[in-house]
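The values are calculated or read from the model by the stated rules, or taken from the named source; none is laboratory data. This one's a predicted model, so the numbers in the text were calculated from it and none came from an experiment. Glycine gets a Cβ as well: all are built from the backbone with ideal geometry, and neighbour counts include every protein chain shown. For accessibility, only protein heavy atoms count, side chains too; no ligands or nucleic acids. Shrake-Rupley method; radii C 1.70, N 1.55, O 1.52, S 1.80 Å.
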Amino acid sequence: MTSQEKTEEHPFVDIFNEDEAEQNFLLSKPVCFAIFGKPGVGKTTLAHHIAQAWKCIRVEALAVLEEHIASETTSGKMLQSMLLHGHSIPDELVTKLMIEKLNSVEVSHFGYIITEIPSLSEQAMTILQQIETIKNLKLKPDIIINIKCPDFDLCQRVSGQRQHCHTGHLYTRDQWDPEFIENRRKKRKEAQKERKVEEEGEEEEEQEEEEAFMAEMQTVAEILQHLVQRPEDYLENIEHVAQLYKETVLPSLEEVMAEHNSQYLIELDGNKLPEDHFLTVIERLKYLNLKRAAIITRLQGAEEEINDVMENEELFRSLASYKLIAPRYRWKRSRWGRTCPVSLKEGNIYPGSAEFSVSFLGKIYCPSSEAALKSFLLNPRPYLLPPMPMPPCKIFIYGPQSSGKTTLSNLLAEHYKGKVTI
């Protein structure tokens with residue numbers, strides 16, 4: 001009632017509260033996706049497109065293993081050693097790493113997209129256990145995408161795939177089979193004849209078409225000798241996997257999809273191109289008014305170097321004009337000023353470094369070190385939520401032995417939500 005009266009008194013006043021909107025975003029749940037469908041139906045390709053557009057994290061076995069190996073931690077060195085000695089990584093370990101990734105700090109900010117859970121392999125967990133794991137996740141999937149495809153169409157498409165033995169790139173039949181390419185060319189010519197095109201334009205178009213066809217055939221001739229068929233792409237193997245999926249996985253998934261809100265359930269035709277699937281999903285997400293994850297941008301000067309000797313006003317003036325998302329849209333100064341938000345959350349007041357400055361939700365933040373920057377890039381939410389920025393209060397309690405120092409410290413920490421360091 002009060003806000004309505006204020007609006008009536010001052011009709012041209014902007015009632016938008018920027019701090020309130022920012023706090024609502026920091027407390028909001030990131031959008032999470034789960035894609036279901038038969039193996040080979042195109043889940044990974046669709047997940048790649050969605051992750052790029054929506055800035056969410058793809059939680060897949062290969063990506064998780066590569067991340068652990070690159071981190072050079074104890075677990076990463078163990079995985080690398082197993083692979084170098086020719087051993088396969090157990091399913092139990094892969095599943096454990098994927099679940100850890102789904103519950104990670106990074107995913108709690110950007111959200112996730114999963115395609116490999118539930119898996120047909122039941123060595124680590126049964127199908128029902130895998131589905132229960134999805135249901136019990138800290139961040140449950142908001143959008144469920146189900147890709148349907150008849151067995152015959154799926155078998156024909158997957159059995160026509162070939163892999164380049166050097167690059168590992170997959171080619172569909174219409175990309176490597178000269179017969180398919182020739183048929184496509186004939187259909188194109190027939191379509192051109194049906195259209196009424198002027199004679200001059202028709203000759204030029206035919207010449208361009210011929211040049212493009214010759215270039216395509218030359219490329220096919222070069223890669224054809226390097227293409228091989230993977231065992232999982234053999235027709236009999238695809239038929240077996242499709243049947244196994246319908247018998248073991250599909251009944252449980254149908255229960256999950258029936259319990260899910262139909263508004264957030266998207267069903268796609270597996271015979272369409274992945275690009276068409278992507279456009280359908282994006283249009284549906286726009287209709288649902290779901291927001292993408294907020295991106296953190298590192299601010300680095302293109303023309304002049306930033307140094308820590310600069311005064312605060314001069315520094316923020318320089319940072320505000322770097323990597324603008326739109327003309328005349330300058331980054332604003334945050335309430336943290338030049339103080340590192342990560343160290344402040346940990347109870348220390350350290351000045352931020354210009355080298356590690358970033359922008360988030362239109363404001364400038366200055367972490368103090370590479371480690372602080374890494375933590376902030378993974379998930380800035382814990383460092384920006386109220387009551388931050390709050391200066392730390394440190395209390396030192398001393399006295400003779402057995403005088404009650406520990407008891408008093410614990411009581412004060414409990415009352416003021418603090419931490420006891422002995």
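General observations
- Over all orientations, the range 373-415 has a Cα convex hull whose mean projected area works out to 4.7 square nanometres.
- Charge tally in the Cβ shell below 13 Å around Lys135, where Lys, Arg are +1 and Asp, Glu are -1, Lys135 excluded: -1
- Put simply, the amide H of Gly352, placed in the peptide plane, has neighbours under 5 Å in Thr339, Cys340, leaving out anything fewer than 5 places away on its chain.
- Secondary-structure-derived ellipticity at 222 nm for the chain, considering helices only, amounts to -14500 deg cm²/dmol, per-run term -39500 (n - 2.57) for DSSP H runs with n ≥ 4.
- Per-selection Kirkwood Rh - the range 223-365 (Cα, Å, 1 d.p.): 21.0
- In this structure Tyr350 has an accessible area near 120 Å², from a 1.4 Å probe over the protein heavy atoms.
- Near the amide H of Ile145, within less than 5 Å, lie the amide hydrogens of Ala34, Ile35, Phe36, Ile266, all on another chain or at least 5 residues away, with H placed in the peptide plane.
- Whole-percent carbon and sulfur share, accessible surface of the chain, 1.4 Å: 53
- Contact order relative to length of the chain, as percent, for alpha carbon pairs under 8 angstrom and 6 or more apart: 17
- Across Leu411, Leu361, Leu285, mean-square fluctuation computed from a Gaussian network of the chain (C-alpha pairs under 10 Å connected) peaks at Leu411.
- Note on Glu267/Ile223: beta-carbon distance plugged into 1/(1 + (r/R0)^6) with R0 of 35 Å gives a FRET efficiency of 0.50.
- Sequence-ordered 3J(HN,Hα) estimates for the range 252-269 from the Karplus curve with 6.51, -1.76 and 1.60 and θ = phi - 60° stand at 5, 5, 4, 5, 4, 5, 5, 7, 6, 4, 4, 5, 9, 10, 10, 10, 10, 8 Hz, glycine and proline given as x.
- Solvent-accessible surface ranking, highest first, for Lys419, Lys38, Lys29, Lys96 at 1.4 angstrom: Lys419, Lys96, Lys29, Lys38
- DSSP-defined beta bridges in the chain - what % are antiparallel, rounded to 5: 35
- Close amide-amide hydrogen proximity is noted between Lys332 and Lys363, Ile364, each under 5 Å apart and 5 or more residues distant or on a separate chain (H modeled in the peptide plane; Pro and chain starts excluded).
- Protein-only accessible surface at a 1.4 angstrom probe places the residues Cys393, Cys149 in the order Cys393, Cys149, largest first.
- Heavy-atom accessible area per residue - the chain, 1.4 Å, Å²: 63
- Distance distribution note for the chain: the fraction of Cα pairs above 41 angstrom is 39%.
- Between Glu67, Glu239, Glu267, the residue with the greatest mean-square fluctuation in the GNM of the chain (Cα pairs under 10 Å linked by springs) is Glu67.
- Helix 43-54 vs. the chain, principal-axis angle (Cα, 0 to 90°, nearest 10): 40
- Take every Cα pair under 8 Å whose residues are at least 6 apart in sequence, average their separation, divide by the length of the range 40-135, and the relative contact order is 34 percent.
- If you take all other residues with their beta carbon under 11 Å from the beta carbon of Leu377, and give Lys and Arg +1 and Asp and Glu -1, the sum is 0.
- Solvent-accessible surface (1.4 angstrom probe) belonging to Phe356, in square angstrom, nearest 10: 20
- Rel. contact order, % - alpha carbon contacts under 8 angstrom, at least six apart, the range 319-422: 21
- For the chain, the longest principal axis of the C-alpha atoms and the axis of helix 199-224 are separated by about 80°.
- Computed lengthening from Asp276 to Glu254, 0.36 nm per intervening residue step minus Cα-Cα distance: 5.5 nm
- From the C-alpha gyration tensor of the range 290-422, square roots of 5λ in Å: 37, 16, 11
- Folded to 0 to 90 degrees: helix 274-287 orientation relative to the chain principal axis, Cα: 40
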